[in-house]
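Readers should treat all values here as calculations from the given coordinates under stated rules, not as data from a laboratory. Here the structure is a predicted model, which is why all the values come from computation and not from measurement. So basically every Cβ, Gly included, is an ideal-geometry build from the backbone, and we count neighbours across all protein chains shown.
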Amino acid sequence: MDPQDHERFREFVDSRWGALLRVANLLTGGDRHKAEDLVQTALMKVLDRWRQVEDPERYVRRVMYRHQVSRWRLRRPHREPTFAAPPEGLGIADGTGAADLRIAVAQALARLTPRQRTVLVLRYFEDLSETEVASTLGCSVGTVRSTTHRSLARLRRVAPELGDPAQPAATVTSSSSPRGAHT
């Protein structure tokens, strides 16, 4: 890698680290160490191909999603962390607790499986279509639809404090992070 490419890569990492870490944090269920590892792994893979990458942010995110998928496919069982229910009075109902809502959503996502979490992050945080999610994860659109349906149902069960059951949970999760807000 020539010095100019190396400098462009460093500038990219310096400017986008926070946004990439936020997505990785969602994908790993709030485990900061795993999130940092996920971003670093993706960046190491991108470094080898830096000259050919036209859209570095998109490429790094895709590498992160695919790496997360490979974790699901490992045959060895893994333990998902469990969290206590969020404290009462989060301020969600009156709209004053935006930070508390983000914490509650992160805790609820942490209670899902890595696959469920990844599909919801791609659909509602990254605002990808079902077809785009299927392409990113290398699965069928039907798999994305069924996983999204089951994931939202589980999210409603594990975190009823996030909203009215008659209101789609996707509205709650997507309204906190509109497309383009991951800067």
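Going by average Cβ neighbours within 10 Å, how do the peptides 142-149, 10-17 rank, with the highest at the top? Let's see the in-between values first.
Numbers: 142-149: 15.8, 10-17: 13.4.
Descending mean neighbour count gives 142-149, 10-17.
Can you compute the modelled spin-label distance between D5 and T113, with each label point 7 Å from Cα toward Cβ, in nm?
Here the answer is 4.0 nm between the modelled labels.
At a Förster radius of 30 Å, what calculated FRET efficiency corresponds to the Cβ-Cβ distance of S146 and R102, to the nearest 0.05?
Details: r = 27 Å, r/R0 = 0.92.
So, using R0 = 30 Å, E works out to roughly 0.65.
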